[in-house]
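Encoded as structure tokens, the structure appears first; notes follow it.
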Amino acid sequence: MESFRGLARSPGMAHKLFSPITFGAHEAPNRVTVAGLTRQRAGEDGLPTELHERYYSQRASFGLVVTEGSFVDFSSRSFPGQTGIANDEQQAAWQRVADAVHDKGGLLSIQIMHGGRVSAPEIQRGAPTVAPSPHSDGVKFHDWDGSSKEAPTPKELNVDEIAEIVETFRRGARRAVDAGIDFVEVHGANGYLLHQFLAPSANHRTDDYGGTPEKRARLVLEVVDAVADEIGDERTGVRLAPQFPVQALDESDDSDAAATYRAVGEGLSRRDLAYVSLSSPSLRAAGVAAVRDAVRERGIPVLANASAATEPTSLEDAESFLDEGLGDAVAVGRLTISNPDLPIRWERGLDLTEPDQATFYGGGAHGYTDYPFHDDPEPYRP
């Protein structure tokens, strides 16, 4: 695939995008971070492999490398090829990934998650799918054969089951830190379980976990509290996607979204978290602004990501996010797939490699670890 310059620019005066930033107890060399991206390269056992070691360590020049969403229990797995952090074998495998990233001077954050209704028993080793309320709303899941199917009606979680899910996040976070990973990012976005609790379209409860914006915010805050209590505020991050219409969620009511995410932001701002990552089609949306304003008052760094954009985040986009106060750092998706040294290319105004969408999900090394660095003589060949 040919290189292109459309998303780079000529080098000039250094922008603050390339200046250091502090996440928790660590100083990152720049403000360009790898967003957590689904790549589906694990087997049924959920083990990271040598491919994962190579992939993540190749991106060590980023200020922070965030992994794909990893399940904290097999009952929380959302899709085939997903990595886990749920047992000793997975923990040992992630230790090798962390060592590989650290050997190249990088910082690593593991994103931990529960799929909720975006799954099926055959993905979760027979466990039923669960959700805040027993409604699938036509959500699809991907089966082992690669086909997309309608998800079954989920079981409504009771309060004891909710408490156990909180514990699985806590245990997953402990395993991650014991594996030498620098940060744990709680995945409260992209239509998965914690996001389902936040969204009024998916959460029809009338108990302590639903019915008002503050009650819908309760679970994500309980999970963040459990993780931070276990591993420390300075190692804990969270990913949110306010008003991102994904996986059949609807948060289009601005006043409700503002109230819900204000409650989330106020809860998060009680702690000195490492960072909060915000992903939304509009980084000025009411829900995004509510979280950002609350956590900024505490001095928590905000990572900005324009999700579902038609074009990949460009250098100009990234710089504008910082210039306009929409974030303190940027979380970049597609271009990190095809440019393992993107911060260097952006800072020097070098050509970029276009991502090969056919290899985004599943497969092996091709389209995963064989993209060239800027000084490699051979181009990527789809």
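Readers should treat all values here as calculations from the given coordinates under stated rules, not as data from a laboratory. Since this is a predicted model, take the numbers as computed values, not measurements. Because the Cβ atoms are built from the backbone with ideal geometry, glycine has one as well, and the counts that use them run over all protein chains shown.
Numbers for the structure displayed
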{"item": "Computed P(r) (all Cα pairs; region 251-296; 10 Å bins; percent)", "result": "31, 56, 13"}
{"item": "Phi-based couplings in Hz for region 143-158 (Karplus 6.51, -1.76, 1.60; Gly and Pro marked x)", "result": "8, 4, 7, x, 6, 9, 10, 6, 5, x, 5, x, 7, 6, 6, 8"}
{"item": "Dipole of the chain, positive end: most advanced residue of Ser19, Val101, Asn339 [Cβ charges, Cα centre]", "result": "Ser19"}
{"item": "Fully extended contour minus Cα-Cα distance, from Asp293 to Glu324, at 0.36 nm per residue", "result": "9.8 nm"}
{"item": "Lys pairs under 30 Å by Cα in region 23-330, provided they are eight or more residues apart or on distinct chains", "result": "4"}
{"item": "FRET efficiency for Thr212 and Arg381, using Cβ-Cβ distance with R0 set to 51 Å, rounded to 0.05", "result": "0.40"}
{"item": "Note, ³J(HN,Hα) from phi for region 367-376, Karplus 6.51, -1.76, 1.60, rounded to Hz, x at Gly and Pro", "result": "x, 10, 10, 9, 6, x, 7, 4, 9, 6"}
{"item": "Size of electric dipole in the chain: Cβ of Lys, Arg +1 and of Asp, Glu -1, about Cα centre, debye, nearest 20", "result": "220"}
{"item": "Beta bridges by DSSP in the chain, antiparallel share as percent, to the nearest 5", "result": "20"}
{"item": "Sites Leu47 and Gln357, calculated FRET efficiency, Cβ-Cβ separation with R0 30 Å, nearest 0.05", "result": "0.70"}
{"item": "Assigned charges on the beta-carbon of Lys, Arg, Asp, Glu; region 148-272 dipole about Cα centre (debye)", "result": "220"}
{"item": "Per principal axis, descending, Cα span of the chain in whole Å", "result": "58, 44, 36"}
{"item": "Lys/Arg +1, Asp/Glu -1 at C-beta; region 249-382 dipole; positive extreme among His366, Ile300, Gly267", "result": "Gly267"}
{"item": "Span-rule helices in the chain, defined as complete DSSP H runs reaching 18 Å or more along the axis (Cα) with Kyte mean at least -0.5", "result": "159-178, 218-231, 254-268, 286-298"}
{"item": "The chain, helix-only ellipticity at 222 nm - DSSP H runs n ≥ 4, -39,500 (n - 2.57), divided by all residues, nearest 500", "result": "-9500 deg cm²/dmol"}
{"item": "Projected label distance in nm at Asp178 and Ser19, using a 7 Å step from Cα toward the beta-carbon", "result": "4.1"}
{"item": "Two-site label geometry, Arg205 and Ala365: point separation in nm, points 7 Å out along Cα→Cβ", "result": "4.7"}
{"item": "Using θ = phi - 60° and Karplus 6.51 cos²θ - 1.76 cosθ + 1.60, couplings along region 133-138 (whole Hz; Gly, Pro as x)", "result": "9, x, 9, 9, 6, x"}
